[in-house]
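Read-outs throughout are calculated quantities, based only on the coordinates presented, and are distinct from any laboratory measurement. If you're wondering where the values come from, they're calculated on a predicted model, not measured in any experiment. Here Cβ is always computed from backbone atoms with ideal geometry, including for glycine, and neighbour counts include all displayed protein chains.
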Amino acid sequence: MTGSSRTPPTPRPTTTGNQTDTVQALDRGLRLLRLLARHEQGVLLTELAKELALAASTTHRLLATLQQAGFAELDEDTGFWRVGVETVPVGSAYLRGRDLVSLARPLMRQLTETSGETSNLAIRREVFAVYLSQVESNAMVRAFSRIGDRVPLTCSGVGLALLSRTPEAELNQLIAEAGLPVKTEKSIRSRAQLDTALGEARKRGFVIDDEAQVPGMRCVAAPFYDTWGEVAAAISISGPSSRLTPERLPELGRLVADTASRITERLGGKPVKETV
C-alpha cells in the first residue's frame, strides 16, 4: 500500500486575533463597569456610549453581558443602568485583603519625612481614639504615643478628625455618655466649642489641636474615608508647639489632608467634600 506524500495544510493563525478581540472586549467591559460605578444614581445607555466613544449597539452588548453576570442592572421603568449586586462580594474581597496599617504606613513615613514631625494613625472605639501606628520624628524633642493608647475623642486632634462627620444625634449620645473630658486648660469645655471645632474641620479638611491634649504640644489631623464615604480612621502629625507654630499650621494641615486623601484613594474610599 502506498502512503500519501501530500503535506498537511498549515493551520490558520486565528488565535492571536481572537485573543486581541477578547482583550479589547474585556478592556471595554472594565471601562464600562468603572463608568457605571461613578454614576451612583444610574445612567442612560446613550450617555454611556458617548462617554466611552462606542457605538450604542456595542455598549448595549457589553451591558447585556455584565447584566447576565450580575455586574450591571437595568431599571426598566427609567432606562437607567447601575452597577449590579455581584460587585459587592468582589469589592468586599478587596477590602478584606487590605490591612489598614500596612496600607497607610508608607504614606505616614513620607508625611514624617516631609514635615519632620511624628505621624500617627488612629481609629475610633466607642468614646475613644485608639492609636494603631506611629512613625516617630528624628528630632530630639518629639511627640510620642504608645500603640494602643486611648485618648478622649473631644480633646485630641485625631479624635476630632474621627468625629468630623458624626451626625448630631450621635454627638449628643457621645456627650451624654462620656461628657467633655478636660486634659488641659485649652480642652473643649462646651457643646458650642465642639460644634465650632468640627465645623472648622469640615471646611478646612483638617483639625488643629492647639495644646488641648498635652500642654506644649500641637497636632494637625485629618480623616480618611471608606467605600461608603464614612470616616475609616484619622492620620495626624504632632510635635512641640515651638516647631508647630501658628504660621506653619495651615501648610502642615494641607499636607496632612493631602496624605489622608491619598490613603482614602488607596483604600478605595469615597472622599467627602464640604459644600459652603
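Data for the structure
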item	result
Global form of the chain, assessed from the alpha-carbon gyration tensor, a/c cut-off 1.5	prolate
Within straight-line cross-link reach of Lys186, aspartates and glutamates at Cα separation under 16 Å, skipping those fewer than 8 residues along the same chain	Asp195, Asp209, Asp210, Glu211
Top of Ala260, Ala53, Ala64 by mean-square fluctuation, Gaussian network on the chain, Cα under 10 Å	Ala53
Folded to 0 to 90 degrees: helix 56-68 orientation relative to the chain principal axis, Cα	70
Nearest-0.05 FRET efficiency for Glu247 and Lys203, computed from C-beta distance (R0 30 Å)	0.90
Helix axis angle, 249-266 relative to the chain longest principal axis, alpha carbon, degrees	30
Candidates Glu51, Glu200, Glu126, ranked by Gaussian network fluctuation over the chain, Cα under 10 Å, top entry	Glu51
Convex hull per residue volume in Å³, alpha carbons only, for the stretch 20-91	87
